[in-house]
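Below is one structure, written out as structure tokens, with a few remarks after it.
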Amino acid sequence: MSNHQGQVNRYAQAVLQAMLERWDAALNQAAQTLDENAQLGETLSNKNNSADARRSALAKALGGDAPAEVMNLLLLMGQEGDLGLVSDVSRALTESVSGTQAPMKAEVVSAAELSEADRTQLRDKLIKEYGDGLVFSFRVDPSLMGGLRVRVGDHLIDTSVASRLATLRESLTSAVR
């Protein structure tokens, strides 16, 4: 690597580290503040409160030092009822940036739309097998005719009717030859 590229990489790493430290500090402060102030959590989670009222309550509780993106994240998490995840998000962010654990994609393709219960059951099974940190995407492909095709990282689990028919066709064709 050239000296120029080495310098560029060091500056980029320094910027990334500074950003991560700022976000981590803001998220940790938010988690602590939410633990100590249940009323703030209720204010942020109450959809009857205006966005301005929620933003004002959060800014007052955290002070003016929190990055705007962190504020937006916390407002979104409050709206979705996920404020209990703030500490976990901070930890996952640090792991992702440090490269200790990159999120792995889990793509689930089904012949028909899956119910929420089926999705939850499938998520739980995949997390049990592959660990936390999976990012799920679900889609429908009627050409599967039935069953599922699940890809987690470079692993493929194909229980689709179309795949089974193709395998059967191949075995019948090879038997006739």
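Pairing each residue of the stretch 138-149 that is within 7 Å of V161 (Cα to Cα) with any residue that is β-branched (V, I, T) and assigned to a helix (DSSP H, G or I), provided the two are 6+ apart or on different chains, yields C-beta distances under 6 Å for M145/V161; G146/V161; G147/V161.
Do you know which of the residues in the stretch 1-27 that are free of Cβ contacts under 8 Å to residues at least 24 places away in the same chain and closer than 15 Å to M71 by Cα is surrounded by the fewest Cβ atoms within 10 Å (Cβ to Cβ)?
Step one: filter the stretch 1-27 for residues free of Cβ contacts under 8 Å to residues at least 24 places away in the same chain, giving 1-15, 17-19, 21, 25.
Of the ones still in play, those that are also closer than 15 Å to M71 by Cα are 19, 25.
Numbers: M19: 13, A25: 15.
The qualifying residue surrounded by the fewest Cβ atoms within 10 Å (Cβ to Cβ) is M19.
Residues considered: A66, A30, A38, A53. Of these, the only one that is over 22 Å from L134 (Cβ atoms), surrounded by 12 or more Cβ atoms within 10 Å (Cβ to Cβ), more than 19 Å from the chain's Cα centre (by Cα) and without any contact (Cβ under 8 Å) to a residue 24 or more places away in the chain is A53. Across the stretch 87-123, the number of residues qualifying as modelled with pLDDT of 85 or more and touching a Leu at 6+ places or on another chain (Cβ under 6 Å) comes to 3. When the test is whether a residue is surrounded by 12 or more Cβ atoms within 10 Å (Cβ to Cβ), within 30 Å of E42 (Cβ to Cβ) and over 14 Å from the mean Cα position of the chain (by Cα), L74 passes it.
Checked against the criteria, A61 does not count as under 19 Å from S96 (Cα atoms) and either surrounded by 14 or more Cβ atoms within 10 Å (Cβ to Cβ) or of a type in the set (S, T, Y) (or both).
Taking the conditions exactly as written (at pLDDT 90 or above and under 26 Å from R139 (Cβ atoms)), does E80 satisfy them or not? No: the conditions fail for E80. Against the list (1) in the same structural domain as R149 (by TED's automatic domain parsing); (2) farther than 22 Å from G133 by Cβ; (3) surrounded by 13 or more Cβ atoms within 10 Å (Cβ to Cβ); (4) hydrophobic (A, V, I, L, M, F, W, C), the condition A117 fails is (3).
Filtered by the rule that a residue be surrounded by 16 or more Cβ atoms within 10 Å (Cβ to Cβ), outside any loop (DSSP other than H, G, I, E, B) and of a type outside the set (S, T, N, Q), the stretch 98-114 gives M104, A106, V108, V109.
Across the stretch 147-177, what is the total count of residues that are within 30 Å of D132 (Cβ to Cβ) and either surrounded by 15 or more Cβ atoms within 10 Å (Cβ to Cβ) or touching a Leu at 6+ places or on another chain (Cβ under 6 Å) (or both)? Quick ask: steps written out before the conclusion?
Narrowing the stretch 147-177 to residues within 30 Å of D132 (Cβ to Cβ): 147-160, 163.
From what's left, either surrounded by 15 or more Cβ atoms within 10 Å (Cβ to Cβ) or touching a Leu at 6+ places or on another chain (Cβ under 6 Å) (or both): 147-152, 158-160, 163.
Residues in the stretch 147-177 being within 30 Å of D132 (Cβ to Cβ) and either surrounded by 15 or more Cβ atoms within 10 Å (Cβ to Cβ) or touching a Leu at 6+ places or on another chain (Cβ under 6 Å) (or both): 10 in total.
Checked against (1) surrounded by fewer than 12 Cβ atoms within 10 Å (Cβ to Cβ); (2) of a type in the set (V, I, T); (3) part of a helix (DSSP H, G or I), I127 passes all but condition (1). On the stretch given as the stretch 77-97, residues that are surrounded by 18 or more Cβ atoms within 10 Å (Cβ to Cβ) and in contact with a Lys or Arg (Cβ under 9 Å, 6 or more places away or on another chain) total 1.
The values are calculated or read from the model by the stated rules, or taken from the named source; none is laboratory data. What you see is a predicted model, and the numbers here were worked out from it, not measured in a lab. Quick reminder, even Gly has a Cβ in these numbers, built from the backbone with ideal geometry, and neighbours come from all protein chains shown.
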